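Each remark here refers to the structure printed beneath this line.
The values are calculated or read from the model by the stated rules, or taken from the named source; none is laboratory data. None of these values were measured; they are calculated from a predicted model. Quick reminder, even Gly has a Cβ in these numbers, built from the backbone with ideal geometry, and neighbours come from all protein chains shown. These accessible areas exclude ligands, DNA and RNA; they are computed on the full protein's heavy atoms, side chains included. Shrake-Rupley method; radii C 1.70, N 1.55, O 1.52, S 1.80 Å.
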Amino acid sequence: MEQRHLGRTGLRVSRVGLGTLTWGRDTDEHDAADQLKTFWDAGGTLIDTADVYGGGESEYLLGRLVDNLVPRQDLVIATKAGSVPDPYRRFDGSRGHLLAALDASLERLGTDYVDLWQVHAFDPVTPLEETLQALDLAVSSGRVRYAGVSNFSGWQLAKAATWQLAAPGLRTRLASTQMEYSLLQRGIEREVLPAALDLGVGLLPSSPLGRGVLTGKYRTGTPSGSRGASEHLAPFVEPYLDDPAGRIVDAVAIAADGLATTPLMVALAWVRDRPGVVAPIIGARNAQQLSQALSVEALSLPDEICQALDDVSAPVHRYPDQDWSTL
């Protein structure tokens, strides 16, 4: 699998990453092991998790598999901290919480460092410089190799990345931002993606298949065993089952028929090759499903197909994104 640099850093990662959101909850150890082995055999290196996935079980399960199944040095392990199970404070970006969460993640993962550590979301009640200092301390201590953020808006990302660049050698530059991005969710193109491109921050798209909807499996209903049929994941899928999304899915299916491939492959290839994208993060139910997705490595979409998909899924961005003098 092709490797790409993560932002303007020396870290190289596979251009498709493996997500572990369901590991330890819906995905048991046997299926997780099969997925990890399949991913590694295909040349994949980037494994994405977070301290809250499965209440910590995702990290714990990944830690049990690493070394026993795949050499630690062959993987780029990325995890996140900052989300908390508190209805009154969903995000905690305080230095104390983040550093304690990192230590707990390292223990669950069974490693003394993570390759990429990301702040899971912006905390509006903690000074941003305090949050970012936690990243600097984690890197300077050797527990973290590279740092990034997740779910930051355009101005939040620009402020954070600029703050880090203001003191080169003292503060660690942001390597990445992880955001939802797909043909069904192009909102980051308004401000986040331009900021990332300008500041040299690599984009790691989550839900690149539109929460599974872009595979086309929901075109005639909700299949049993799908995330849309899951009690705790159905609300996650439901927003992308409306008529506008249906028209985009139909266009993806038409493109797939014309290319003699699958909607999954078309949707994944589109987002993988967008400007600024380093590696979309894909989650799979089993190794067979993952193997099908990884075969996207051999696919590049023709320009006319990309343009048609761009047109049918184009978000409405008016003032101030367009030339204001023409409005």
- Message: Run the simple label-point estimate for Ala167 and Arg247 please: 7 Å along Cα→C-beta, distance reported in nm.
- Response: 5.1 nm
- Full-extension gain in nm, Arg72 to Asp28, via 0.36 nm per residue minus C-alpha separation: 13.8 nm
- Task: Name the residue, out of Ile254, Ile77, Ile281, whose mean-square fluctuation peaks in a Gaussian network model built on the chain with Cα pairs under 10 Å.
- Result: Ile254
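Cβ under 12 Å from Pro263's Cβ, Pro263 left aside: what net charge do those residues give with Lys, Arg +1 and Asp, Glu -1?
The answer is 0.
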- Residues other than Ser313 with Cβ under 10 Å of its Cβ, Lys/Arg counted +1 and Asp/Glu -1, net out at 0
- Note on the structure: Sequence order, segment 21-33: Karplus ³J(HN,Hα) from phi using 6.51 cos²θ - 1.76 cosθ + 1.60, θ = phi - 60°, Hz rounded, Gly and Pro as x, gives 3, 9, 5, x, 10, 9, 10, 7, 4, 5, 5, 5, 4
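Defining a contact as two alpha carbons under 8 Å apart and six or more residues distant in sequence, what relative contact order in percent does segment 100-216 show? The partial results should precede the final answer.
Working: 165 pairs, mean separation 26.3, N = 117.
23 percent.
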- Message: Testing the spin-label approximation: label points 7 Å from Cα along Cα→Cβ at Ala100 and Trp155. State their distance in nm.
- Response: 3.1 nm
- Task: With θ set to phi - 60°, apply the Karplus curve 6.51 cos²θ - 1.76 cosθ + 1.60 along segment 300-311 and write out the HN-Hα couplings as whole Hz, x wherever there is a Gly or Pro.
- Result: 10, 6, x, 4, 5, 5, 4, 5, 5, 5, 4, 5
- Item | Most to least packed among 288-295, 69-76 [average Cβ atoms within 10 Å] | 288-295, 69-76
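Report the calculated FRET efficiency for His5 and Leu137 (r = Cβ-Cβ distance, R0 = 30 Å), to the nearest 0.05.
About 0.75, to the nearest 0.05.
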- Item | Under 28 Å from the Cα of Lys217 - lysines, other chains or at least 8 residues apart | Lys37
- R0 of 45 Å, Cβ-Cβ distance Lys37-Arg318: FRET efficiency to nearest 0.05: 0.40
- Message: Under the 0.36 nm per residue contour assumption, what length would be gained going from the current alpha-carbon distance of Glu129 and Tyr88 to full extension?
- Response: 12.5 nm
- Query: Once all Cα-Cα distances of segment 111-201 are split into 10 Å bins that start at 0, what whole-number percent is in each one?
  - Reply: 17, 50, 27, 6, 0
- Over all distinct alpha-carbon pairs, what is the Kirkwood Rh of segment 227-281 in angstrom? 12.8 Å
- Rounded, prolate or oblate: which one fits the chain, using the alpha carbon gyration tensor with axes a ≥ b ≥ c (rounded when a/c is under 1.5, else prolate when a/b beats b/c, else oblate)? oblate
- FRET efficiency for Ile254 and Ala298 from the Cβ-Cβ distance with R0 = 30 Å, rounded to 0.05, comes out at 0.90
- Item | Relative contact order for the chain, counting Cα pairs under 8 Å that sit 6 or more residues apart, in percent | 18 percent
- Query: Could you give me the ³J(HN,Hα) list for segment 138-153, computed from phi with Karplus coefficients 6.51, -1.76, 1.60 and θ = phi - 60°, whole Hz, x at Gly and Pro?
  - Reply: 5, 6, 5, 7, x, 6, 9, 8, 9, 10, x, 9, 8, 6, 8, 5
- Item | Other-chain or far-sequence residues with amide H under 5 Å of Gln118's (modelled H) | Thr79, Lys80, Ala81, Gly148
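Calculate how many DSSP beta bridges within the chain are antiparallel, expressed in % of all such bridges and rounded to the nearest 5.
Numbers: 5 of 34 bridges.
Approximately 15 percent, going by the DSSP bridge assignments.
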- Message: Take Glu238 and Arg219, extend 7 Å from each Cα along the Cα→Cβ direction, and tell me the distance between the two endpoints in nm.
- Response: 2.5 nm
- Message: Let me make sure I get this right: for segment 55-210, a, b and c are the square roots of the gyration tensor eigenvalues over alpha carbons, sorted descending. Under 1.5 in a/c it's rounded, otherwise prolate if a/b > b/c, else oblate. Which is it?
- Response: rounded
- Rounded percent of accessible protein surface that carbon and sulfur make up, the chain, 1.4 Å probe: 51 percent
- Query: Can you tell me the accessible area per residue over the chain, all protein chains present, probe 1.4 angstrom, in square angstrom?
  - Reply: 44 Å²
- Within segment 150-237, which GluC sites (Glu not before Pro) sit in a loop by DSSP and count at most 14 neighbouring Cβ atoms inside 10 Å? Glu231
- Quick calc, the chain, dipole around Cα centre from Cβ unit charges on Lys, Arg (+) and Asp, Glu (-), nearest 20 debye, gives 400 debye
